[in-house]
Ligand SMILES: [Zn+2]
């Protein structure tokens with residue numbers, strides 16, 4: 001099957017923190033899982049560089065906007081290499097490629113765009129308006145900043161025209177929203193009448209022209225949310241005269257389109273984005289996976305509190321694969337989770353190194369002392385391994401990676417118990433050794449999307465391509481190096 005998978009595109013008005021890293025790792029784990037199964041995936045990430053907020057951040061630092069977005073975008077892009085993220089594309093919304101996509105898209109939905117007056121209470125950080133009914137205190141609920149009253153003439157997108165259609169699509173899970181609590185929230189939002197036509201442009205003067213100009217009206221720039229969503233298309237070459245082949249292949253003709261996003265932006269992805277695609281006559285996404293947020297030691301992560309955890313800090317403490325392991329196995333995607341460096345260190349040490357790493361080293365040690373050739377035709381631990389496989393796949397299909405890996409960790413613990421109970425260091429039957437081989441083989445498979453390097457190390461040491469082989473020869477010459485330092 002052919003997949004398109006995306007992360008959201010973070011605003012580059014600040015350095016990356018672990019919230020973005022977490023989302024990127026989850027998406028990457030899903031992508032690697034699919035690729036392992038022979039599926040063809042285009043994996044897209046990128047950065048959002050437009051909008052008044054970026055312009056103001058650059059200004060306050062005394063930088064030109066172009067230099068500012070270049071510098072901060074690099075901070076995000078370098079995570080790809082640092083954390084072994086397997087993006088195929090990385091789209092910057094200030095690029096000519098994105099601009100071409102937005103212009104084309106605007107023309108495709110022109111019939112649903114009309115000029116009008118907008119008056120409202122605006123949060124610069126959200127780039128969004130609030131009504132006085134929503135915020136009688138005139139403060140942004142997310143940024144706790146005073147809202148600015150704005151009135152301006154700009155363009156509107158006839159969003160309301162598509163609301164009934166979107167309601168049906170979501171009800172019928174044609175766009176599947178996970179978790180179910182968010183689906184309920186979206187449907188409630190649609191019913192509540194608070195969704196109005198969307199104002200999709202802003203005065204170009206306010207941001208000194210920073211942003212994408214509205215086609216045929218240089219006094220207006222495209223509203224940053226309207227332009228940002230189009231990254232999923234422009235990242236595939238949509239709007240390019242040449243090289244839009246990926247758009248046809250991985251969007252229009254994709255078997256499945258999966259967006260990974262955070263809970264703060266689900267309104268944009270579950271209502272605005274489908275409406276925009278319907279207006280343009282383009283294919284809709286299939287899955288929208290919405291994660292919650294981190295607190296740090298019980299507090300909201302914030303610059304003022306000085307508790308922002310930078311991805312690099314985790315690399316220094318534990319390395320790439322333990323960091324990937326932590327974010328795939330620990331936080332509950334669908335609830336807020338608390339992060340602490342103590343917990344991070346404890347998981348890397350106690351769970352990963354002492355349990356998983358030790359089990360693998362231990363088995364290779366035992367195999368060295370066991371028979372030189374093991375026939376693979378006897379059953380013992382097979383039932384447990386098969387059950388683990390079933391649960392692992394079932395949870396993966398529900399996008400619940402944490403649960404999938406909890407099942408694998410149970411297998412690790414049971415395998416350690418098995419070795420203890422059978423006192424295998426004193427020797428064992430051939431069936432026992434077969435079990436050990438099976439466990440290693442399956443661990444390498446299960447952990448491959450999260451820890452590709454550790455998995456590869458196990459596979460190479462085991463030198464076994466599939467469990468249907470008749471027998472496996474154990475390499476007695478080499479010592480197996482520990483997986484985790
Ligand atoms: Zn705000």
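The values are calculated or read from the model by the stated rules, or taken from the named source; none is laboratory data. The model shown is predicted, which means the values in this text are computed figures rather than measured ones. Here the Cβ positions follow ideal geometry from the backbone for every residue, glycine too, while neighbour counts run over all protein chains shown.
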Q) From the set of residues in the range 124-178 that are in a strand (DSSP E or B) and closer than 23 Å to residue 289 by Cβ, which is nearest to the ligand (Cβ to nearest atom)? A) 128
Q: Determine, yes or no, whether residue 8 is over 17 Å from residue 311 (Cα atoms) and within 21 Å of the chain's Cα centre (by Cα).
A: yes
Q. Which residues, counting only those in the range 315-361, are free of Cβ contacts under 8 Å to residues at least 12 places away in the same chain and under 18 Å from residue 83 (Cα atoms)?
A. 316
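Residue-by-condition table, conditions (1) at pLDDT 95 or above; (2) closer than 27 Å to residue 205 by Cβ; (3) crowded, with 21+ Cβ neighbours inside 10 Å; (4) touching a helix residue (DSSP H, G or I) at 6+ places or on another chain (Cβ under 9 Å):
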residue	(1), (2), (3), (4)
9	yes, yes, yes, yes
16	no, no, yes, yes
26	yes, no, yes, yes
56	no, yes, no, no
62	no, yes, no, no
77	yes, no, no, no
93	yes, yes, yes, yes
(Q) Quick check on the range 109-120. Is at least one of its residues within 16 Å of the ligand (Cβ to nearest atom) and buried (at least 16 other Cβ atoms within 10 Å of the Cβ)? (A) yes
Q | Residue tally, condition out of contact with any strand residue (DSSP E or B) (no Cβ under 6 Å at 6 or more places or on another chain), without any contact (Cβ under 8 Å) to a residue 60 or more places away in the chain and in a loop (DSSP other than H, G, I, E, B), over the range 194-236 | A | 4
Q: Test residue 186 against the stated conditions and say whether it is within 29 Å of residue 292 (Cβ to Cβ), modelled with pLDDT under 95 and surrounded by 17 or more Cβ atoms within 10 Å (Cβ to Cβ).
A: no
Q | Every pair of residues 6+ apart whose Cβ atoms lie under 6 Å, when the first sits in the range 130-152 and is more than 25 Å from residue 301 (Cα to Cα) while the second is more than 13 Å from the ligand (Cβ to nearest atom) | A | 151/119; 152/118; 152/203
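Go through the range 156-173 residue by residue and tally those that are under 28 Å from the mean Cα position of the chain (by Cα) and free of Cβ contacts under 8 Å to residues at least 40 places away in the same chain. Explain how you work it out, then say what you get.
Of all residues in the range 156-173, those under 28 Å from the mean Cα position of the chain (by Cα) come to 159, 162-163, 165-173.
Restricting the remaining residues to those that are free of Cβ contacts under 8 Å to residues at least 40 places away in the same chain gives 167-168, 171-173.
Total satisfying the criteria: 5.
Evaluate the following for residue 312: is it farther than 30 Å from residue 194 by Cβ, in contact with a helix residue (DSSP H, G or I) (Cβ under 8 Å, 6 or more places away or on another chain), in contact (Cβ under 8 Å) with a residue 40 or more places away in the chain and surrounded by fewer than 21 Cβ atoms within 10 Å (Cβ to Cβ)? So that I can check it myself, show each step before the final result.
Working: farther than 30 Å from residue 194 by Cβ: yes; in contact with a helix residue (DSSP H, G or I) (Cβ under 8 Å, 6 or more places away or on another chain): yes; in contact (Cβ under 8 Å) with a residue 40 or more places away in the chain: yes; surrounded by fewer than 21 Cβ atoms within 10 Å (Cβ to Cβ): yes.
Taking the combined requirement at face value, the residue satisfies it.
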Q | Of all residues in the range 423-435 being part of a helix (DSSP H, G or I) and either at pLDDT below 90 or in contact with a strand residue (DSSP E or B) (Cβ under 8 Å, 6 or more places away or on another chain) (or both), the one that is nearest to residue 393 (Cα to Cα) | A | 435
